[in-house]
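Presented below is the structure to which this report refers.
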Amino acid sequence: MCQTLFRGLADDLDLLHWLRERIFPLEAAHDEASMRASARLGLWELSRSGTTALMDMGTVRHTAALGEEIEASGLRAYFGKALMDINATCPSLCEPTGAALSEAQELRREFHGRAGGRLRFAYTPRFVLSCSDELLRESFALTSAMPDGRWHTHASESPGEMREVLVRCGCGNVEHLGRLGTLSPQSCLAHCIHLDEGEVRRLMDSGTHVLHCPSSNLKLASGIADVPGLLRRGVSVSLGCDGAACNNALDMFTEMRLAALIHKPRHGPTAMPALEVLEMATLGGARALGWDLEIGSLTPGKSADAVFVNLSRAWNPLGPVSPEAYAGALVYSGRPENVDAVMASGEWLVRSGRTLRYEETEVCARAAEALGALRSRARV
Ligand SMILES: [Zn+2]
């Protein structure tokens, strides 16, 4: 959510240049007002395009403002404060280990379980290269002490990151996380592209969730995760879009389409069938968040979180679609424009294609204003 303002400001770079030259300085320049404007733009986009639940790692500061914005959006979320105690290239986006952990604990006390349980706090160390072993280990210990805790980081994303992790840790990224004892059914790792056999086994044996982000992985030229292979081995995989600065959209229809398409050349046309991808985007996400008893499928007794899709809209007509082709229609041809209405926790968030909690022109105007001020602070 903190990167929605930065869409288009960091294009055509690989992960480490993208982070160090653009994203870290931009994030460091956030103030509370720009954080709110960025989150509002992102939450508007998510709700308008039919996302009802999210996992967001935030940035180092202004996490309370992020939590309040998510609460006001009506969406359901695990969110956190990006924990970073190593950052040689942008020291202002970095904190002492103890300070990072104690602020995270305060935020957990303030937000975990708020809004009727719709808000939950996650411990979210940024990635191995920004985190000491102590920070990774301690944040995981705090997570595992909570029955509904979640620990979220980004791992094994780009070849450059892998080289630096190897130099610092003497092993692969997931291997390092495993040796620190941070892999478990409460752990959610975005990406997981570059894995060796031992690391795949560690993901399997620990019940760690993998969050597949195909647009981001293609755009940063990070690589293509072996998702069919992970699924075959029983690893839980769900879908994400990562931030708007590396995607550049927060549109799960695009992620479903890419997840279904990009694995077929290597694994054959029957790999990643539409129904399986639709399940990854719904129940798979709910499982990763540990929320699958309440959301993820339309079942009596679950919360009323639902997206209503119009298959016969004139400007993106999907029809005629027979019932057995619904999954294919949504995954291969669906677009945010087909979303007619969205409900989360029984509350309407979108009706007739319009968000009820946001006024689009106002959200965009505030975002433009906040970005102008932020860029003059950041000088990027
Ligand atoms: Zn990422």
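The values are calculated or read from the model by the stated rules, or taken from the named source; none is laboratory data. These numbers come from a predicted model, not from an experiment. Because the Cβ atoms are built from the backbone with ideal geometry, glycine has one as well, and the counts that use them run over all protein chains shown.
Evaluate the following for Val174: is it within 16 Å of the ligand (Cβ to nearest atom) and touching an Asp or Glu at 6+ places or on another chain (Cβ under 6 Å)?
yes
If you go through the range 183-191 one residue at a time, do you hit one that is farther than 15 Å from Ala122 by Cβ, modelled with pLDDT of 95 or more and touching a helix residue (DSSP H, G or I) at 6+ places or on another chain (Cβ under 8 Å)?
yes
Does Gly243 satisfy the criteria of being in contact with a Phe, Trp or Tyr (Cβ under 9 Å, 6 or more places away or on another chain) and surrounded by fewer than 20 Cβ atoms within 10 Å (Cβ to Cβ)?
No: the conditions fail for Gly243.
Would you be able to tell me the number of residues in the range 235-285 that are within 16 Å of the ligand (Cβ to nearest atom), in a helix (DSSP H, G or I) and either more than 30 Å from Leu9 (Cβ to Cβ) or of a type in the set (Asp, Glu) (or both)?
1
Do we find a residue being surrounded by fewer than 20 Cβ atoms within 10 Å (Cβ to Cβ) and hydroxyl-bearing (Ser, Thr, Tyr) anywhere in the range 147-155?
No, the range 147-155 has no match at all.
For a quick check of your reading of the model, give me the residue pairs whose first member lies in the range 154-182 and is touching a residue at least 40 places away in the same chain (Cβ under 8 Å), whose second is of a type in the set (Asp, Glu) and within 14 Å of the ligand (Cβ to nearest atom), with beta-carbon atoms closer than 7 Å and at least 6 apart or on different chains.
Ser158/Asp14; Gly160/Asp14
Give all pairs with beta carbons closer than 6 Å in which a residue from the range 261-272 that is within 14 Å of Val331 (Cβ to Cβ) and surrounded by 11 or more Cβ atoms within 10 Å (Cβ to Cβ) meets a residue that is of a type in the set (Gly, Ala, Ser) and at pLDDT 95 or above; count only pairs at least 6 apart in sequence or on separate chains.
Going by the 6 Å Cβ cut-off, the qualifying pairs are His263/Ala271; Lys264/Ala271; Met272/Ala260.
I'd like to verify a number: residues in the range 122-171 that are of a type in the set (A, V, I, L, M) and within 16 Å of the ligand (Cβ to nearest atom), how many?
6
Report whether or not Ser216 is among the hydroxyl-bearing types (Ser, Thr, Tyr) and either assigned to a loop (DSSP other than H, G, I, E, B) or surrounded by fewer than 23 Cβ atoms within 10 Å (Cβ to Cβ) (or both).
Spelling it out, it is not the case that Ser216 is among the hydroxyl-bearing types (Ser, Thr, Tyr) and either assigned to a loop (DSSP other than H, G, I, E, B) or surrounded by fewer than 23 Cβ atoms within 10 Å (Cβ to Cβ) (or both).
For the range 20-59, enumerate the residues that are within 17 Å of the chain's Cα centre (by Cα), farther than 21 Å from Val342 by Cα and touching a residue at least 60 places away in the same chain (Cβ under 8 Å).
Within the range 20-59, Ile23, Glu27, Ser38, Met57, Gly58 meet the criteria.
Checking the conditions here, which among Ser206, Ser297 is more than 16 Å from the ligand (Cβ to nearest atom), within 24 Å of Gly113 (Cα to Cα) and of a type in the set (Gly, Ala, Ser)?
Criteria check complete, one pass: Ser297.
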